[in-house]
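In what follows, a single structure is set out as structure tokens and then discussed.
The values are calculated or read from the model by the stated rules, or taken from the named source; none is laboratory data. Here the structure is a predicted model, which is why all the values come from computation and not from measurement. Cβ coordinates were reconstructed from backbone atoms using ideal geometry, including for glycine residues, and neighbour counts include every protein chain displayed. Only protein heavy atoms, including side chains, enter the accessible area calculation; ligands, DNA and RNA are left aside. Shrake-Rupley method; radii C 1.70, N 1.55, O 1.52, S 1.80 Å.
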Amino acid sequence: MQQNEVFILAIESSCDDTAAAVLQNDKVLSNVVARQNIHEEYGGVVPELASRAHQQNIVPVIDVALKKANITKEQLSGIAFTQGPGLMGSLLVGSSFAKSLSMALNIPLIAVNHMHAHILAHFIDEEGFDKPTFPFLALTISGGHTQIVKVNDFFNMEIIGETTDDAVGEAFDKTAKILGLPYPGGPLIDQFAKEGNPKKYPFTKPKVDGLNFSFSGLKTQILYFVQKNVAENPNFVEENKHDICASVQQIIIDILMDKLKLAVAETGITQIAIGGGVSANSGIRETLKNAEGKYGWKTFIPKFEYTTDNAAMIGIVGYQKFLHDKFVDQSTVSKARIEF
Ligand code: KG4
Ligand code: ZN
């Protein structure tokens, strides 16, 4: 199906953010996110609370997205939603809403893989942002995933490396918890790291073969390090939080960069795109930018608002699927886990 102007309403509700966006072809007209602060006091996302909050947020969020885009629902060409991976109760809120709206408006329904969307967010048309060309390598780093993906086409990607235990976002969040910082800890570690010395506490890298990652050993290493020092000085964390955060962030960056260098060597591909919540990290962004001059790579760093969970990235996949008639029907099911 081809038409000049395609308007896609996209809905993302895989975890704890309720998000809606409207795209006109590959341009974002609106991108609205309602973050759920309720989880902060629990130190992590509580699935039951997340789905309840999605139910409360979804109608107003979609309403605002349509108003900001300045279009009516009748102008929509299709509805895209996150099919998975994610929390089942959260996914169901978005998919049920998308299904009813597509039925009411009699327009196509498009199911999107959240992890594909983090990668394909680079194809949103944004001034000042280049789009990668196929094939390229994507490093997807989020609260649930750490993957190196060889992206051959919009709909043809292969995972060539992934974490064998914790995701890199968990390494940030669990470190934050050890340091007594609220959830999600990634942004705070990033902030404190800016004023710290990354070489102060040299943590060691795990030994993992090939392109795979492991972060659970690092978490344990940090826990023992903090416990040992707090036993000697109860104010150790407070007095050294900038240096601790900078050192933790540095070892995580080193781990990621080692594997990226190996992936480039193995595939011969030098275009590297990053995606996922952790790609908001300023240390990671800077290191990758510098890799252009240092290693001759071309790196693609998404606009800040397309890094953490958002619906614009679901919309850009929706647009591509719309162009290729990749639709689903009402019987399609949400999937907590979804094959790549
Ligand atoms: O992609 P995302 O929004 O949700 C998932 O699909 O997981 O990623 C959330 C993760 C959290 O672990 C959060 O701590 C991390 O992204 N994060 C960061 C930063 N901003 C968000 N980690 C490090 N530095 C940041 N600036
Ligand atoms: Zn995500």
3J(HN,Hα) from dihedral phi, region 163-179, Karplus parametrisation 6.51/-1.76/1.60, rounded to Hz, x for glycine, proline:
6, 9, 8, 6, 7, 5, x, 5, 4, 5, 5, 6, 4, 4, 4, 4, 7
Interchain or long-range residues, amide H under 5 Å from residue 300's placed H
272, 273, 274
Projected-area mean, the chain, by convex hull of Cα positions, square nanometres
17.0 nm²
Between region 255-320 and region 14-38, what is the separation of their alpha carbon centroids in Å?
21 Å
Region 132-301 - percent relative contact order, Cα under 8 Å, separation 6 or more
28 percent
Using each residue's phi in region 143-155, evaluate 6.51 cos²θ - 1.76 cosθ + 1.60 at θ = phi - 60° and report the 3J(HN,Hα) Karplus result to the nearest Hz, with x for Gly and Pro.
x, x, 9, 9, 9, 10, 10, 8, 9, 8, 6, 4, 10
With only helices counted (DSSP H, runs n ≥ 4, each -39500 (n - 2.57)), the per-residue ellipticity at 222 nm for the chain, to the nearest 500, works out to -14000 deg cm²/dmol
So, taking all protein chains as they sit and a 1.4 Å probe, how much accessible area belongs to residue 35, in Å² rounded to tens?
120 Å²
Mind giving me the FRET efficiency for residue 74 and residue 40? R0 is 41 Å, r the Cβ-Cβ distance, nearest 0.05 is fine.
0.55
Send over a whole-number figure in Å² for the accessible area per residue of the chain, probe 1.4 Å.
44 Å²
Residue-by-residue Karplus 3J(HN,Hα) for region 184-194, coefficients 6.51, -1.76, 1.60, Hz, glycine and proline x:
x, x, x, x, 6, 4, 4, 5, 5, 4, 4
Pull up all non-local amide H partners of residue 164: gap of 5 or more, or a different chain, and H-to-H distance under 5 Å with H placed in the peptide plane.
213, 214, 215
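Expressed as a whole percent, how much of the Cα-Cα distance distribution for region 84-206 exceeds 19 Å?
For region 84-206, the share of Cα pairs beyond 19 Å comes to 66 percent.
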GluC sites (Glu not before Pro) restricted to DSSP loop in region 153-216 with at most 15 other C-beta within 10 Å:
195
Cα-derived Rg over Rh, computed across region 132-301 with Rh taken as Kirkwood radius:
0.99
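Considering only protein heavy atoms and a probe of 1.4 Å, how much of the accessible area of the chain is carbon and sulfur, as a whole percent?
With neighbouring chains kept in place, the figure for the chain is 50 percent.
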Based on the Cβ-Cβ distance of residue 258 and residue 339, what FRET efficiency does E = 1/(1 + (r/R0)^6) give at R0 = 22 Å, to the nearest 0.05?
0.20
